[in-house]
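Trainee: Take this structure, written in structure tokens, and hold onto it; I'll ask about it next.
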Amino acid sequence: MLDSRLRPLIQPLFNLMVKPFHACGMTAMHLTFLAFVLGMLSAFCLFMEYSPIWAVVFLWFSGLFDVLDGTLARRRGTTSATGAFLDVLGDRCVEVSIILALVLVRPELRLVMLFLMAALLISVTVLLLHGALLPGDTRKSFRYQPGLAERSESFLFFTLIILFPRAGVFLTLIFTFFVVVTVGQRILESLMLFRLTSARDNEK
């Protein structure tokens with residue numbers, strides 16, 4: 001929800017932020033790799049119980065570079081299927097690593113995180129099927145679906161779960177509910193668009 005609504009407003013800022021990376025010759029792949037490494041560092045901090053603050057800092061910088069890689073690719077005119085593949089794969093690896101780290105150090109979260117993982121798996125499956133079966137956005141490699149729980153909401157909930165461990169179970173249940181609602185939104189939108197696409201094809 002936040003990604004879809006706020007991105008058009010703050011995209012000019014992202015355009016400015018990628019200028020130094022563009023000027024020094026960095027590519028979108030470099031930023032994708034940085035996003036992945038920072039996400040892994042966040043999970044490592046959680047697993048080692050080093051510092052929740054640093055875990056959150058690394059997590060949000062990972063998210064920032066995950067946004068900037070696509071912006072830089074479009075600025076350079078180098079968007080590609082390879083970039084989209086590695087971007088989405090890196091995102092999922094970071095999210096799974098954060099969840100695994102939380103589960104390993106906080107046994108009380110194991111059951112609720114299992115439900116969260118199941119909901120996320122279904123949500124991502126619907127998202128990828130939707131993107132694969134429908135025409136892509138001209139600015140991106142495939143079509144993204146908006147929803148109640150997008151990546152910004154995921155980072156917000158992870159941040160709250162990390163910083164407020166006593167409320168971890170409750171926050172995870174709320175996050176899972178958000179993801180389930182998002183699954184419903186995406187399924188309904190996909191079915192509607194599939195029907196419209198089929199109707200247009202039959203008219204040709």
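Trainee: Can you confirm whether residue 60 is out of contact with any Phe, Trp or Tyr (no Cβ under 8 Å at 6 or more places or on another chain), assigned to a helix (DSSP H, G or I) and either free of Cβ contacts under 8 Å to residues at least 60 places away in the same chain or under 19 Å from residue 162 (Cα atoms) (or both)?
Mentor: When the stated conditions are applied, residue 60 does not pass them.
Trainee: Under 7 Å between Cβ atoms, at least 6 apart or on separate chains: pull out the pairs that start in the stretch 25-42 with a residue that is surrounded by 18 or more Cβ atoms within 10 Å (Cβ to Cβ) and end on any residue that is of a type in the set (Ser, Thr, Tyr) and assigned to a loop (DSSP other than H, G, I, E, B).
Mentor: 28/78
Trainee: Give the residues of the stretch 132-162 that are among the aliphatic types (A, V, I, L, M) and at pLDDT 95 or above, sorted by residue number.
Mentor: Once the filter is applied, which keeps residues that are among the aliphatic types (A, V, I, L, M) and at pLDDT 95 or above, the stretch 132-162 yields 156, 160, 161, 162.
Trainee: Okay, next question. If residue 10 satisfies every condition in (1) in contact with a Lys or Arg (Cβ under 7 Å, 6 or more places away or on another chain); (2) loosely packed, with under 15 Cβ neighbours inside 10 Å; (3) not polar (S, T, N, Q) but one, which is the exception?
Mentor: Single failed check for residue 10: (1).
Trainee: If you don't mind, there's one more thing I want to ask. From the list 70, 90, 77, exactly one residue is under 27 Å from residue 25 (Cβ atoms) and in contact (Cβ under 8 Å) with a residue 60 or more places away in the chain. Which is it?
Mentor: 70
Trainee: Working carefully through the options 43, 35, find the one that is modelled with pLDDT of 95 or more, under 19 Å from the mean Cα position of the chain (by Cα) and farther than 22 Å from residue 145 by Cβ.
Mentor: After applying the criteria, what remains is 43.
Trainee: Criterion first (at pLDDT 95 or above and touching a helix residue (DSSP H, G or I) at 6+ places or on another chain (Cβ under 9 Å)) does residue 126 satisfy it?
Mentor: no
Trainee: From the list 111, 16, which residue is surrounded by fewer than 14 Cβ atoms within 10 Å (Cβ to Cβ), at pLDDT 95 or above, within 17 Å of residue 168 (Cα to Cα) and not polar (S, T, N, Q)?
Mentor: 111
Trainee: Residue check, residue 51 against (1) in contact with a Cys (Cβ under 7 Å, 6 or more places away or on another chain); (2) surrounded by 15 or more Cβ atoms within 10 Å (Cβ to Cβ); (3) free of Cβ contacts under 8 Å to residues at least 12 places away in the same chain, all met but one. Which one?
Mentor: Failed condition: (2).
The values are calculated or read from the model by the stated rules, or taken from the named source; none is laboratory data. Keep in mind that what you see is a predicted model, and the values were worked out from it rather than measured. Counting neighbours? That spans all protein chains shown, and the Cβs are built from the backbone with ideal geometry, glycine included.
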